[in-house]
Amino acid sequence: NAGVTQTPKFRILKIGQSMTLQCTQDMNHNYMYWYRQDPGMGLKLIYYSVGAGITDKGEVPNGYNVSRSTTEDFPLRLELAAPSQTSVYFCASSYGDIGLLDTFGSGTRLTVV
Amino acid sequence: SQELEQSPQSLIVQEGKNLTINCTSSKTLYGLYWYKQKYGEGLIFLMMLQKGGEEKSHEKITAKLDEKKQQSSLHITASQPSHAGIYLCGADPGSGSTLGRLYFGRGTQLTVWP
């Protein structure tokens, strides 16, 4: 099993550009999450999903959108990139409300210039 | 939002020494996670504690949750260079439906020199 796979690993965007961060998992986990990690800070939850077709906002959702059309995929969309979105983005998954949050992707390092 | 304070921010120890990292919350913890992170990599799950007074061990790493469920400690015995990295604690602020929606501390950077 590959676990949680994130692409791309690195990306540089210009202010105002848009992009989609991809996240896919092959463990049939129904809960998926997007976190961002700013330098010297803890991770903050952006969005999460409890199953296909269901998404909800986390602590810092502004400037982002998500969709969950399948169990496996949970892409994160940045519509108008801003320097404040420079961060490392992590996708994670767990098996429902009894599962531990024990599986994270390796992250996408995004720089907005 | 729930705040988690980790201490120390950074730690430099000689190989073979013991060390402790603390994670403190102002609110009751329903679940406390410990992760390790290396630069450029994702978080590696170490262990999760739920019950007051609970203690878990994995190899040379032991984590405890105090009786009041507001503080956790991570103890490494006989540290090795492979223990180096950033240690993060994450807290589940509620039970059931909020599981997985964690709040994180800022991390403790551990350096182990030979």
Revision key, fill the gap. In segment B:76-106, residues that are open to solvent by less than 20 Å² (accessible area, probe 1.4 Å), within 9 Å of chain A (Cβ to nearest Cβ), part of a loop (DSSP other than H, G, I, E, B) and at pLDDT 90 or above total 1
Check your understanding: What number of residues in segment A:8-43 are open to solvent by 70 Å² or more (accessible area, probe 1.4 Å) and within 13 Å of chain B (Cβ to nearest Cβ)?
Key -> 3
Exercise for review: Take segment A:47-87 and flag every residue that is within 14 Å of another protein chain (Cβ to nearest Cβ), in a loop (DSSP other than H, G, I, E, B) and open to solvent by 10 Å² or more (accessible area, probe 1.4 Å).
Suggested key: A:GLY58, A:GLU59, A:VAL60, A:PRO61
**Study point:** A:LYS44, sole failed condition from (1) modelled with pLDDT of 95 or more; (2) part of a strand (DSSP E or B)
**Key:** (1)
Point to revise | Selected residue (criterion: nearest to B:HIS75 (Cα to Cα)) from residues of segment B:27-44 that are more than 9 Å from chain A (Cβ to nearest Cβ) and assigned to a strand (DSSP E or B) | key: B:TRP34
Check your understanding: Which one is nearest to the chain's Cα centre (by Cα), of the residues in segment B:34-81 that are within 15 Å of B:THR24 (Cβ to Cβ) and among the charged types (D, E, K, R)?
Key -> B:LYS64
Review point. Does B:GLN14 fit the bill of being open to solvent by 30 Å² or more (accessible area, probe 1.4 Å), at pLDDT 95 or above and more than 11 Å from the chain's Cα centre (by Cα)?
Key: yes
Review point. Is segment B:56-72 home to any residue that is basic (Lys, Arg) and within 22 Å of B:GLN9 (Cβ to Cβ)?
Key: yes
Point to revise | Residue match in segment A:88-102 (condition: assigned to a helix (DSSP H, G or I) and more than 8 Å from chain B (Cβ to nearest Cβ)) | key: yes
**Study point:** Number of positions in segment B:45-75 that are farther than 24 Å from B:THR28 by Cα and assigned to a strand (DSSP E or B)
**Key:** 1
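The values are calculated or read from the model by the stated rules, or taken from the named source; none is laboratory data. As the structure is a computational prediction, the values presented were derived from the model and not from experiment. Note: ideal-geometry Cβ built from the backbone for every residue, glycine included; neighbour counts use all protein chains shown. Side chains included, ligands, DNA and RNA excluded: accessible areas come from the protein's heavy atoms. Shrake-Rupley method; radii C 1.70, N 1.55, O 1.52, S 1.80 Å.
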